[in-house]
1. Got at least one residue in segment 225-232 being in a helix (DSSP H, G or I), surrounded by 14 or more Cβ atoms within 10 Å (Cβ to Cβ), hydrophobic (A, V, I, L, M, F, W, C) and modelled with pLDDT of 95 or more?
2. Determine whether segment 80-88 contains at least one residue that is of a type outside the set (Gly, Ala, Ser), surrounded by fewer than 20 Cβ atoms within 10 Å (Cβ to Cβ) and either touching a helix residue (DSSP H, G or I) at 6+ places or on another chain (Cβ under 7 Å) or under 22 Å from residue 241 (Cα atoms) (or both).
3. Quick check on my filter: what residues within segment 33-64 are of a type in the set (Gly, Ala, Ser) and either buried (at least 18 other Cβ atoms within 10 Å of the Cβ) or in contact with a helix residue (DSSP H, G or I) (Cβ under 9 Å, 6 or more places away or on another chain) (or both)?
4. Note down all Cβ pairs under 6 Å where the first residue falls in segment 209-220 and is within 12 Å of residue 20 (Cα to Cα), the second is of a type in the set (Lys, Arg) and crowded, with 20+ Cβ neighbours inside 10 Å, and they're at least six residues apart or on different chains.
5. What pairs come up if the first residue lies in segment 151-169 and is more than 15 Å from residue 103 (Cα to Cα), the second is at pLDDT below 95 and charged (D, E, K, R), and their beta carbons are under 9 Å apart, counting only those six or more places apart or on different chains?
6. Hey, does segment 113-135 have a residue that's in contact with a helix residue (DSSP H, G or I) (Cβ under 9 Å, 6 or more places away or on another chain) and of a type in the set (Phe, Trp, Tyr)?
7. I want to confirm something. Restricting to segment 176-194 and keeping residues that are free of Cβ contacts under 8 Å to residues at least 60 places away in the same chain and in a helix (DSSP H, G or I), which single residue is surrounded by the fewest Cβ atoms within 10 Å (Cβ to Cβ)?
8. Is it the case that some residue within segment 195-206 is farther than 25 Å from residue 144 by Cα and free of Cβ contacts under 8 Å to residues at least 40 places away in the same chain?
Amino acid sequence: MRRFENKTAIITGSSRGIGRAIAERLGSEGARVVLTGRDGKALADAQAKIAGSASLSLDLREPDAGAKLTAFALERFGSIDILVNNAGATKRGEFLDLADADFQDGFALKYFGAVRLTRAAWASLKSTKGSVIFISGVGGRTPGAQFTIGGSVNAALLSFTKAIAELGLRDGVQVNAINPGTIRTARFQARLKSPDDETVFVREARITRVGEPEDIASLVAFVASPEGRLLHGSIIDMDAGATKTI
């Protein structure tokens, strides 16, 4: 199935983990993929796996990064049809041990990076009646003491999703957010100290299992496809049951 033939998709944070899985999935369905991240070597490796893709190494914390990435995508492919704002790992830890700079860094990348890129790409997305997807996280709806930065940033992204979805109604741009739960990324793997830790984690978190990056990629592909177009302003929890609230 090639649902995204002749469509251009920008995926941020796509050198590894969830972002890379999304890039590979959309690329496998015909999309012209634009990858971006800070690790040039990992980015080149990811690009080599996706036919017809392009990549640009940059730091979305920089105020002009969104405009640069948009210009790069338009120069290479002429339009932007799908924007997946995925980049942005935030620091975990005890609140009293976290400095202002830690909070500022979390917002600089995941929130302001996404806001600036969405603003820069909006005109092209409007012309293609495109789709914007924010990869937020369950911490935005179910905060935790070790996740004060990530929870705050994710909550801001969810609010931004609802706000920008209203603009999308006017301009014909689909806007949604996905909240992944615990996903088997290198960051999660680094938290495991023994082979049994994952089993213990699943039991204590009261979830069905740890997710795979490909799980999120499959959902992104559906949301951005014609079959998912009825979704608008939606916040979708894909978290194995981690979110217990209504």
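1. no
2. no
3. Here is the first cut: in segment 33-64, the ones of a type in the set (Gly, Ala, Ser) are 37, 40, 42, 44, 46, 48, 51-55, 57.
37, 42, 46, 51, 52, 53, 54, 55, 57, listed by residue number.
4. 217/25
5. Final answer for the pair search is 158/141.
6. Checked against the condition, which is being in contact with a helix residue (DSSP H, G or I) (Cβ under 9 Å, 6 or more places away or on another chain) and of a type in the set (Phe, Trp, Tyr), segment 113-135 yields at least one hit.
7. We begin by selecting, within segment 176-194, every residue free of Cβ contacts under 8 Å to residues at least 60 places away in the same chain; these are 177, 184, 188-194.
So of that shortlist, the ones also in a helix (DSSP H, G or I) come out as 188-189.
Details: 188: 15, 189: 11.
Top of the filtered list is 189.
8. Taking segment 195-206 first, the residues farther than 25 Å from residue 144 by Cα are none.
No: zero hits.
The values are calculated or read from the model by the stated rules, or taken from the named source; none is laboratory data. Since this is a predicted model, take the numbers as computed values, not measurements. Ideal geometry is used to build each Cβ from the backbone, glycine not excepted, and the neighbour counts take in all protein chains shown.
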